[in-house]
Amino acid sequence: MDGLPTPLPALCAGHPEMAVAALSVLAGAAGPSVAVCSTTSQTYPCTNILLLIEMDGCQPDWLDCLLEPVAAYQRHLLASAPRNGEVKALLAKEAEVKAQRDQFLANDRFPDREHVDYFAQQLRRIIFQQKRLCFVGRPAPGSLSELFTQSPDESLFLTWSNPQLLLDSVYYKRDYELLARALNGEVCMQRHDDGDNELQQPHMSGIAVCDVPCLKTLLTSYADLFLKPGRVLIVSASGQTGKAVSPNTAAVDWWRRLVNRIFEDRFQQMPRFYSLSVGAESALQAAQGREFLQLWKKSAFPVQASTELCVRLMLLLHLCQDNPAEAIAEATASTAIKLACWLVVENQRALATYRAVGLAEKRKADCAAMLEKISEKGPIKQRDLWRCYTVQSQSAHKPILDTLLQSGAVVKDAEGMLRVSVKEEMTVKPPSCAIPDFHADKH
């Protein structure tokens, strides 16, 4: 893809489309410390992101090269000055600022708003400096919610290179709730010592290398979690895993320096705000009325979601520069628009394929289960059939029953009783819990 920083495609073993994986890693590294502002005072935060890489084999070699700097920086934090000493210094500074604020308020009962905001900003700066990134490779089921509970101030960066581990994390109830909460963009309430409540979005970024069965299960069984427009990105790497191409050494060095620089900036200063140049904002507005509008008409992908995705990519491409300016250039915006459109089309292609196949398989299994229930309980009324299910929802079960009625596998008599047709009766398997009649031979 034209316009991408040269080291990115080289880092991904010559596959430019895989550069989106590098950008997603960078999004996790940048975290909540950067945002883009437009001239209309609209702010686009760097939101949570989960990248699903569809593979038809083992994970690619270049993935470890992307993640190694993140793990290395965490090891650097743990091996550097004792964390306890750093925390004590920040707590002492926080106490000092609070004492100054209390003394100021005691002397001035009607202070200017700007003075109050000054102390609030100083306290928020300290709170921001206390945040850390918790990199968890191959998280075990249950570890996500436990880590978030122990240290909610830490942002979680997660990688699942084993598809089964991702499925197990989703099956684990508390981990599933945390993933859903983060990807839904929901916020949690945090209370500060000054009595103010602040809404904060749980920050979580992740990469999952999924094989075809795993990805199909996620997209069909957990559609509410993994079909969030612009938050879950799906990239196909099919046919590329067998190529043993080593990433370019210079590209790997460039990537390591970039990730380390972003981490250092993140933990040493207040959140940074970059602005859109006049040309970049014009390009974005034109895309909203042209490319993004076409995406909405063709695939029902919301224009706002395309805009947020584009701005996020725009920011990440901007940060790839050695000395990024305050304003994002028009050329960067144009590249981000092309990349965002490609991502949306790629996502919709993958989703359409798995949605069609997955829904067909799920409907087939649901029909077989209902056919077995009717065979076991029938003749049975419709309302009594619903009661055989744990979730007694007519909207969920009625389409399945309609399919069976239309196919002739189930018939309804004049009294509204449901029974398996004579043709299907011989093919329905007996229920697994059926108890054999040991007295049948005695008569």
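On a full-extension model of 0.36 nm per residue, what is the gain between Ser143 and Glu96, subtracting their alpha-carbon distance, rounded to one decimal in nm? Walk me through the numbers before you get to the answer.
Details: separation 47, 0.36 × 47 = 16.92 nm, distance 3.59 nm.
Result: 13.3 nm gained on full extension.
Need the full-extension length gain, Lys362 to Ala79, defined as separation in residues times 0.36 nm minus the C-alpha distance. One decimal, nm.
Numbers: separation 283, 0.36 × 283 = 101.88 nm, distance 4.96 nm.
Stretched out fully, the Lys362 to Ala79 stretch lengthens by 96.9 nm.
Subtract the Cα-Cα distance of Asp112 and Gln392 from 0.36 nm times their separation in residues, and report this length gain in nm to one decimal.
Separation in residues times 0.36 nm, less the Cα-Cα distance, equals 94.9 nm.
Tell me the net charge near Tyr176. Cut-off is 13 Å between Cβ atoms, Tyr176 excluded, with +1 for each Lys or Arg and -1 for each Asp or Glu. Don't skip to the answer; put the middle values down first.
Working: positive: Lys173, Arg174, Arg181; negative: Asp168, Asp175, Glu177, Asp224.
Once positives and negatives cancel, what remains is -1.
At a 10 angstrom cut-off on C-beta neighbours, averaged per residue, how do the peptides 163-174, 102-113, 293-304, 19-30 rank from highest to lowest?
Details: 163-174: 17.8, 102-113: 9.8, 293-304: 14.8, 19-30: 24.2.
In decreasing order of mean packing, 163-174, 102-113, 293-304, 19-30 become 19-30, 163-174, 293-304, 102-113.
Lys and Arg at +1, Asp and Glu at -1: add these up for the other residues within a Cβ distance under 13 Å of Glu17 and post the number. Could you put the intermediate results ahead of the total?
Working: positive: Lys338, Arg349; negative: Asp2, Glu54, Glu346.
Taking every Cβ under 13 Å from that of Glu17, the sum is -1.
What residues qualify as long-range amide H neighbours of Asp211, i.e. H under 5 Å apart, gap of 5 or more or another chain, H built at 1.01 Å from N?
Counting only residues 5 or more places away or on other chains, the set is Met55.
Would you grab the residues whose amide H sits under 5 Å from the one on Val34? Only those 5+ places off in sequence or on another chain, please, with H modelled 1.01 Å from N.
Those lying under 5 Å, H to H, from Val34 are Cys46, Arg272.
Rule-based calculations on the coordinates, nothing more; no lab input. On a predicted model such as this, the values are computed, not experimentally measured, just so you know. Because the Cβ atoms are built from the backbone with ideal geometry, glycine has one as well, and the counts that use them run over all protein chains shown.
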